[in-house]
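The values are calculated or read from the model by the stated rules, or taken from the named source; none is laboratory data. In this text the structure is predicted, and so the values were computed from the model without any measurement. Please note: Cβ atoms are built from the backbone with ideal geometry, for glycine as well, and neighbour counts cover all protein chains shown. Ligands, DNA and RNA are stripped out before the accessible areas are found, and what is left, the full protein with its side chains, is counted by its heavy atoms. Shrake-Rupley method; radii C 1.70, N 1.55, O 1.52, S 1.80 Å.
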Amino acid sequence: MRVCAVICEYNPFHLGHAYHLRAAREASGADYVLCLMSGALTQRGAFARHDKWLRARAALENGADLVLELPTRFACAPAPDFASGGVALLSALGVATHLSFGCEASALPLLSAAAALFKAESPAFSAALRARLADGLPYPRARALAAEQAAGLPAVLLAQPNAALALEYLQALPPEIAPVPVERRGSGYHDAALSSLSSATAVRTARGDLPAALSAVPSPAPLQAAEARGFVHEEEALTQALLYRLRTASPDALAALYGMDEGLERRFLAAAQTCASREALLDFVKTKRYTRARLSRLCAYALLDLSRDFAQAHRAPEYARVLGFRRSAAPLLKAVKRRSAIPLVTKAADFDRAHPLFALDVRAQDLWSLGVSNPALRSSGRDFTTSPILV
């Protein structure tokens, strides 16, 4: 049985994602495509606009056979943890034979050489990296420039969003899971202009022109219904909760959050006293040294109370949760149940609610629901009342 996995967010699922699933299946010769998808929170630290079940359905209707949830601890994490957590979960399942990921065409020939360089960390590379970090650059940029200095690998290509994440996958993959890079087509990762293959950024930012946004997705009806009902999470929906958390927290409590290093808690405390929006808060705290995504994740960690100690205590996923599957994927589910080294959760109500990683997922989903634009849809506990999607 060949199973090609894709670690994804689908915020929202668009035509480019449908293309990737088709290309991944063809390139790997897979019998099944398994998607490991973020739940309520995304890697950049923002809540997903649409809920995880709507996004799972879109994936299943457009090429996926099974959709599992990547736990929040890893879904909302720096690229190394995002990649290593996803790969660790796939390894534990015992069925994945391939992992496919998108990458800018220009960076494809460089991936193997750069991954080997980052994994081995030669003295020349390590010295160059330390020097770039000492200049106050964020780690991804410093690493790319160090690779250019030590091995002649062009930094402008290695620092591209998809290439940076692809390099983390290549370093984390065990020998039994083969990489399947797929050339990214259409718009760039941050391109906000709609096209025949738009980026997720473009679809999200075009929500003011809903017909235009819907033209970029393969299954517009469910997304249109969610938008019409107000069952969407707006970017600034939890600003008041975030500001309250920051304004009432002690410096020591903030300093204990995962990733809150180098005195960053002082900048957050100062910003919270005057800023009235999440975006203004990030603008205030932002410096050359810290990426906006990192600071955005710290906002999410403050809302979730996700501490450094918690993150260190849970270095790999400890269960796999089913969000949805196709009826034709029954043999794949049976194989997972037989081979998996971690529990497979098909009914959340039957799982241990006190499990720390699972409790974090539930907390994240409840916060997501609290931030939807329709007040009538803000109920908690949807993890226990929503069944896996069956297509």
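Among the residues of region 304-322, write down those that are farther than 15 Å from PHE358 by Cα, open to solvent by 40 Å² or more (accessible area, probe 1.4 Å) and touching a residue at least 40 places away in the same chain (Cβ under 8 Å).
To start, the set of residues in region 304-322 that are farther than 15 Å from PHE358 by Cα comprises 307-309, 312.
If we keep only those that are open to solvent by 40 Å² or more (accessible area, probe 1.4 Å) too, we end up with 308-309, 312.
Result: ARG308, ASP309.
Which of (1) under 19 Å from LYS52 (Cβ atoms); (2) open to solvent by less than 40 Å² (accessible area, probe 1.4 Å) does ASN374 not meet, given it meets every other one?
Status for ASN374: all satisfied but (2).
Among the hydroxyl-bearing types (Ser, Thr, Tyr), at pLDDT below 85 and within 18 Å of the chain's Cα centre (by Cα), is that true of TYR169?
Details: among the hydroxyl-bearing types (Ser, Thr, Tyr): yes; at pLDDT below 85: no; within 18 Å of the chain's Cα centre (by Cα): yes.
Judged against the criteria, TYR169 is not a match.
Suppose we keep only residues that are among the hydrophobic types (A, V, I, L, M, F, W, C) and open to solvent by less than 80 Å² (accessible area, probe 1.4 Å) within region 277-289. Which one would you say is nearest to ARG245 (Cα to Cα)?
Filtering region 277-289 down to residues among the hydrophobic types (A, V, I, L, M, F, W, C) leaves 280-282, 284-285.
Pick out the ones that are also open to solvent by less than 80 Å² (accessible area, probe 1.4 Å) and you get 280-282, 285.
Working: ALA280: 16, LEU281: 13, LEU282: 15, VAL285: 16 Å.
Per the stated criteria, the residue is LEU281.
What pairs come out if I take residues in region 215-243 that are in a helix (DSSP H, G or I) and pair them with residues that are of a type in the set (Ser, Thr, Tyr) whose C-beta lies under 7 Å away, six or more apart or interchain?
As it stands, the answer is THR239/SER277, since those pairs meet every condition given.
Yes/no per residue for (1) farther than 30 Å from LYS337 by Cα; (2) in a loop (DSSP other than H, G, I, E, B); (3) hydroxyl-bearing (Ser, Thr, Tyr); (4) under 19 Å from the mean Cα position of the chain (by Cα):
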| position | (1), (2), (3), (4) |
| --- | --- |
| ALA270 | yes, no, no, no |
| ALA276 | yes, yes, no, no |
| ALA280 | yes, no, no, no |
| TYR290 | yes, yes, yes, yes |
| ALA293 | yes, no, no, yes |
| ALA302 | yes, no, no, yes |
| ARG321 | no, no, no, yes |
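Scan region 222-250 residue by residue and report those that are modelled with pLDDT under 95 and under 19 Å from PHE284 (Cα atoms).
GLU235, GLU236
Just to confirm my filter: which helices (runs of 4 or more DSSP H) fall fully inside region 22-94 and include at least 2 residues that are open to solvent by 10 Å² or more (accessible area, probe 1.4 Å)? Write out each step before concluding.
Details: elements: 52-60, 72-75, 79-93.
By residue number, 52-60, 79-93.
Would you call PRO161 at pLDDT below 90 and either crowded, with 19+ Cβ neighbours inside 10 Å or under 18 Å from the mean Cα position of the chain (by Cα) (or both)? Reasoning before the result, please.
Details: at pLDDT below 90: yes; either crowded, with 19+ Cβ neighbours inside 10 Å or under 18 Å from the mean Cα position of the chain (by Cα) (or both): yes.
Taking the combined requirement at face value, the residue satisfies it.
Being within 24 Å of LEU390 (Cβ to Cβ) and either free of Cβ contacts under 8 Å to residues at least 60 places away in the same chain or under 17 Å from the mean Cα position of the chain (by Cα) (or both) narrows it down to one residue among VAL336, VAL345; which is it? Spell out the reasoning first.
Details: VAL336 fails: either free of Cβ contacts under 8 Å to residues at least 60 places away in the same chain or under 17 Å from the mean Cα position of the chain (by Cα) (or both).
VAL345 is the lone residue from the list that is within 24 Å of LEU390 (Cβ to Cβ) and either free of Cβ contacts under 8 Å to residues at least 60 places away in the same chain or under 17 Å from the mean Cα position of the chain (by Cα) (or both).
Can you tell me which of ALA107, ALA144 is of a type outside the set (Asp, Glu), over 15 Å from THR291 (Cβ atoms), within 23 Å of the chain's Cα centre (by Cα) and in a helix (DSSP H, G or I)?
Details: ALA144 fails: over 15 Å from THR291 (Cβ atoms).
That would be ALA107, the only listed residue that is of a type outside the set (Asp, Glu), over 15 Å from THR291 (Cβ atoms), within 23 Å of the chain's Cα centre (by Cα) and in a helix (DSSP H, G or I).
Condition first: open to solvent by less than 50 Å² (accessible area, probe 1.4 Å), modelled with pLDDT under 95 and of a type outside the set (A, V, I, L, M, F, W, C). Can you find one or more residues in region 255-268 that meet it?
Step one: of region 255-268, the residues open to solvent by less than 50 Å² (accessible area, probe 1.4 Å) are 255-260, 263-265, 268.
Of the ones still in play, those that are also modelled with pLDDT under 95 are 263.
If we keep only those that are of a type outside the set (A, V, I, L, M, F, W, C) too, we end up with 263.
Yes; the residues of region 255-268 include at least one that is open to solvent by less than 50 Å² (accessible area, probe 1.4 Å), modelled with pLDDT under 95 and of a type outside the set (A, V, I, L, M, F, W, C).
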